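Note sheet for the following structure.
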Ligand code: AQP
């Protein structure tokens, strides 16, 4: 079945293995299926929900674009564009904000995590981030949204908002209710320093994550230093309960090697972590280093990257611009 795919990544620097295994690797598979129509957005409006340096932001928009292409997304097949250039996203977010109950937003756990203890100081933008995400998705009649597990709740909100809009304005099926595409296994890659915390760009310790631009030495070193426990690797997955670091390393190994956990347990059951770490470092070098080399090559080609984005903006504008005009008519403008 042909799918309309939409997903985005924030240009906030330090794209990491979690972004790759949780999201970008799936984008590439979807891009490679000729039946799909894919749109991958550099969600720069989302990025400014937290203060950004303007020069870094511009560089990060290009770096995220370079990462998409270096990972295997073909810009002649899929639309790649920067969100802030297509005005319909912000406009649609306003329309949806006006009908979104605050109670729904108050349940969003990512806001609670990102705002931390000092909620009063967090931006309104961070609070309504999921509504902008809903606008992004709904403007393109998206059928499927590939994201990491951490975005599941936001996607449920998107579905609820689409249904509420259609009901409130009596326009059945106008906003298409999208399905999430979340990997069944290892859809949440955890920190290398703490198996209970998500691998994240904003973690102050660089040793908590493998960045997609890390050098070979950095990758090997980070895996060597990754936290483990004192027991040998088990033979069965039930024995991984309460061993988050062991589960995470085996998960990363399985995911990057495209094999299931049972196969990895068969390979490493009874062995020491040093065996798993050596093998994991080797696989990471073979899969991540070529991407890293390609990012470094592309990142200096501003002309090419800006052209990819500009072409993407034109194509995205055509789709989203039409939808927002229809949306306005439905609302009564
Ligand atoms: N640790 C992760 N495991 C699996 N998937 C992940 N994603 C992010 N972290 C993990 C997925 O990557 C896509 C793009 O994410 P994003 O850059 O738009 O924002 P994020 O989820 O806020 O990423 P971070 O690293 O967690 O950033 P900070 O540190 O700023 O909060 C999404 O599909 C996401 O699910």
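Coordinate-derived values only; no laboratory data. Remember, it's a predicted structure, so these values are computed and weren't measured experimentally. Here Cβ is always computed from backbone atoms with ideal geometry, including for glycine, and neighbour counts include all displayed protein chains.
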Quiz prompt | Computed over the range 206-297: relative contact order in percent, which uses C-alpha pairs under 8 Å that are six or more apart | solution = 40 percent
Self-check item: Principal-axis tilt of helix 54-71 within the chain, Cα atoms, nearest 10 degrees
Solution: 70 degrees
Quiz prompt | With Cα atoms, 0 to 90° folded angle of helix 273-298 axis to the chain main axis | solution = 40 degrees
Practice problem: Using a 10 angstrom cutoff on alpha carbons, build the Gaussian network for the chain and name the most mobile of 66, 320, 122. | Solution: 122
Self-check item: q = 0.06 Å⁻¹, the chain: log10 I(q)/I(0) [Debye, one scatterer per Cα]
Solution: -0.22
Exercise. Averaging sequence separations of C-alpha pairs under 8 Å and six or more residues apart, then dividing by the length of the range 10-100, give the relative contact order as a whole percent.
Key: 40 percent
Quiz prompt | Cα Rg over Rh - the range 206-297, Kirkwood | solution = 0.98
Practice problem: On a C-alpha basis, how far is the centre of the range 17-36 from the centre of the range 107-171 in Å? Whole number, if you could? | Solution: 21 Å
Quiz item: Given springs between every Cα pair under 10 Å in a Gaussian network model of the chain, which of 99, 108, 133 has the largest fluctuation?
Solution: 99
Quiz item: Using the alpha-carbon atoms, what tilt in degrees (0 to 90, nearest 10) does helix 216-225 show relative to the longest principal axis of the chain?
Solution: 70 degrees
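Could you tell me what percent of the DSSP beta bridges with both partners in the chain are antiparallel, to the nearest 5?
On the way: 2 of 16 bridges.
Roughly 10 percent of the DSSP beta bridges within the chain come out antiparallel.
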Practice problem: On a C-alpha basis, how far is the centre of the range 222-298 from the centre of the range 54-76 in Å? Whole number, if you could? | Solution: 27 Å
Quiz item: In the range 272-333, how does Rg compare with the Kirkwood Rh, expressed as the Rg/Rh ratio over alpha carbon atoms?
Solution: 1.40
Self-check item: Relative contact order (%) - the chain, alpha-carbon pairs under 8 angstrom, separation at least six
Solution: 23 percent
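Suppose the chain between residue 74 and residue 241 were pulled fully straight at 0.36 nm per residue; how much longer would it get relative to their current alpha carbon spacing?
56.2 nm
Can you sort 104, 94 so the residue with the fewest Cβ neighbours within 10 Å comes first?
The order, fewest Cβ neighbours first, is 94, 104.
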Quiz prompt | Nearest-0.05 FRET efficiency for residue 185 and residue 274, computed from C-beta distance (R0 22 Å) | solution = 0.35
Practice problem: Take the eigenvalues of the Cα gyration tensor for the range 24-69, scale each by 5, and report the square roots as semi-axes in whole Å, largest first. | Solution: 26, 11, 7
Quiz item: Hey, in the GNM for the chain with a 10 angstrom Cα cutoff, which one of 44, 306, 34 fluctuates hardest?
Solution: 34
